[in-house]
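All remarks here apply to the structure that follows.
The values are calculated or read from the model by the stated rules, or taken from the named source; none is laboratory data. Predicted, not measured: the structure shown is a model, and the values here were computed from it. FYI the Cβ positions are ideal-geometry reconstructions off the backbone, even for glycines, and counts take in every protein chain you see. Heads up: the accessible areas ignore ligands, DNA and RNA and are worked out on the full protein's heavy atoms, side chains in. Shrake-Rupley method; radii C 1.70, N 1.55, O 1.52, S 1.80 Å.
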Amino acid sequence: MGESGTNPAIYYQNNVACSLELLECLRHRPEIPLVFSSTAAVYGKPQTALISETHPLSPINVYGRTKLMVERALQDYFTAYRMSSVTFRYFNAAGADPSGLIGEDHQPETHLIPNILRSALGNGSKVSVFGADYETPDGTCIRDYIHVIDLCKAHLLGLEYAQRNPGANVFNLGSESGFSVIEVIKAARAVTGLDIPYELAARREGDPARLVADSSLAQTLLGWLPQTKDLHTIIDTAWRWHQHRHPVSNFMQQAAQR
């Protein structure tokens, strides 16, 4: 079970309570549009290969349920107060600024690619692969990875759209390509030139087998098109950041040169 299942209080407090406090402040300034970061987890178990915004909303974990609560609040706030918003349902945000100077650094870290790269840097831990018996080609979960720079561009376009189109607007943000956990590990090995040990673990409750976006609505209405869809390129930008943030040990550098 993921963290939202084992410790739901922090998700209800941060995602729901804090968001409602923000909406209460903004409802007195309805001319200021809001961009809300939601998640593909609101869909639950997918019923189609590519998930569009019309897919049924049936989250199977606390994280998805709390995000969906805020989405519904935004719809009600527009109906009652004419407060416009754009909700982006992220698939798997990944990568870093190509300069290597800005990237993600969570404590604890729960995202797959950062954990893979930390392992590559020699922190002594194996990557846990949660579930190898899914109905996918290699048995591991498939996810849609979208580069953070493409997400940033979508936010700027979303603000412009909300100013021209009042409403509680919702868009998927994904690359429309899916990669399994094992494929991501193999790609990271190719990018880093390092061995990345992993171990198989039990499935986590609330993890669908496959989550891949249909982002055509954002492409059509926002004019948004992801520019960095190649998995190796996404991992390479994250690798630059992690090397800058956590310099590789001499031992690992020597291993990379063998």
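Selection of segment 104-141 for residues being within 15 Å of I234 (Cα to Cα) and at pLDDT 85 or above yields H111, L112, I113, P114, N115, I116, L117. For segment 112-141, the set of residues classified as over 21 Å from Y90 (Cα atoms), assigned to a loop (DSSP other than H, G, I, E, B) and open to solvent by less than 10 Å² (accessible area, probe 1.4 Å) consists of G131, G139, listed by residue number.
Of the residues T237, T233, which is in a helix (DSSP H, G or I), open to solvent by less than 20 Å² (accessible area, probe 1.4 Å) and more than 30 Å from P59 (Cα to Cα)?
Numbers: T233 fails: open to solvent by less than 20 Å² (accessible area, probe 1.4 Å).
One residue alone meets the criteria, T237.
With respect to E199, is the statement that it is acidic (D, E), over 23 Å from F88 (Cα atoms), in a strand (DSSP E or B) and open to solvent by 30 Å² or more (accessible area, probe 1.4 Å) true? Yes, satisfied. Quick one: in segment 1-20, which of the residues that are open to solvent by 50 Å² or more (accessible area, probe 1.4 Å) and of a type in the set (S, T, Y) is nearest to A201 (Cα to Cα)? Step by step, filter segment 1-20, then rank; the result is T6.
Which residues, counting only those in segment 53-80, are closer than 16 Å to E24 by Cβ and either at pLDDT below 95 or small (G, A, S) (or both)? Those that are closer than 16 Å to E24 by Cβ and either at pLDDT below 95 or small (G, A, S) (or both): A73, A80. Would you be able to say whether some residue in segment 24-45 is open to solvent by 40 Å² or more (accessible area, probe 1.4 Å), at pLDDT below 95 and within 20 Å of the chain's Cα centre (by Cα)? For segment 24-45, residues open to solvent by 40 Å² or more (accessible area, probe 1.4 Å), at pLDDT below 95 and within 20 Å of the chain's Cα centre (by Cα): present.
Here is a check on your reading of the model: is D144 open to solvent by 50 Å² or more (accessible area, probe 1.4 Å) and at pLDDT 95 or above? When the stated conditions are applied, D144 does not pass them.
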